[in-house]
1. Sequence neighbours fewer than 8 away in the same chain don't count; with that in mind, list the lysines whose C-alpha is under 21 Å from Lys16.
2. Among the aspartates and glutamates, which have Cα under 18 Å from the Cα of Lys5 when same-chain residues fewer than 8 positions away are ignored?
3. Quick one: Karplus J couplings for the range 10-15, per residue in order, coefficients 6.51, -1.76, 1.60, θ = phi - 60°, nearest Hz, x for Gly and Pro?
4. Of the residues Glu87, Glu32, Glu96, which exhibits the maximal mean-square fluctuation in a Gaussian network model of the chain defined by a 10 Å Cα contact cut-off?
5. Could you derive backbone 3J(HN,Hα) for the range 136-153 from the dihedral phi with the Karplus parameters 6.51, -1.76 and 1.60 (θ = phi - 60°), listing whole Hz in sequence and x where the residue is Gly or Pro?
6. Would you mind giving the three semi-axes, in whole Å and largest first, of the ellipsoid equivalent to the chain according to its Cα gyration tensor?
7. Which residue fluctuates the most in the chain, going by a Gaussian network model with Cα springs under 10 Å, if the choices are Ala106, Ala131, Ala145?
8. Which percentage, to the nearest 5, of the DSSP beta bridges contained in the chain is antiparallel?
Amino acid sequence: MRDLKAAIRTVPDFPKPGVQYRDITTLLSDAEALAEAVRQLAAPYRDAGMDAVAGIDARGFIFGTAVAIELGVGFIPVRKAGKLPFETLEQNYELEYGTDTLQIHADAAGEGDRVLLVDDLIATGGTAAAAVSLLRRTGCKVAAAAFLIDLPDLGGADLIRRMDVPLTALVSFAGD
């Protein structure tokens, strides 16, 4: 089994001084590490009766689509505003300096569908919380969330758990 944490490059002081940026491009370029990450993200949910996987724009598309294939279910793209061509639902959320908006197609999930939310990283949890709220508006149940990386000191995983969404993360980087 590959050490996934070792496959993730840390770039100090990016995008600003004091930030330890967790660069997943090194993991993505390593076929064995990428395959292992997808297997591990999917593993807890193989027999959980998921109907779909939702991935958050943009890196969540990489992992979410692969996990959907592993689970044999469809994929729901949770997009930034203005990228979807059909009727959409949208959810605003707070950023460090302002707000942003996520959208999904209004018919992306059905009443009672069990959906797994996937993204590369959970930090403060604002984007993931917005995705959970948005998905719930379709009537689906966000049954779980899975992330490659958790930055536990920023509290995002706890925020998602408080929304009654069980969460898994493959690696954790404390202090960031």
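Each value in this text was obtained by applying a stated rule to the coordinates, not by laboratory testing. This one's a predicted model, so the numbers in the text were calculated from it and none came from an experiment.
1. Filter leaves no residues.
2. Answer for Lys5, where 18 Å is the Cα cut-off: Asp23, Asp30, Glu32, Glu36, Asp119, Asp120, Asp150, Asp153, Asp176, listed by chain and number.
3. Coupling constants for the range 10-15: 9, 10, x, 6, 10, x Hz.
4. Residue with maximal mean-square fluctuation among Glu87, Glu32, Glu96: Glu96.
5. Computed from phi, the couplings for the range 136-153 are 4, 5, 7, x, 6, 9, 7, 6, 5, 9, 9, 10, 5, 10, 10, 9, x, 5 Hz.
6. Rounded to whole Å, the semi-axes are 25, 20, 14.
7. Most flexible of the set in this elastic network: Ala106.
8. 40
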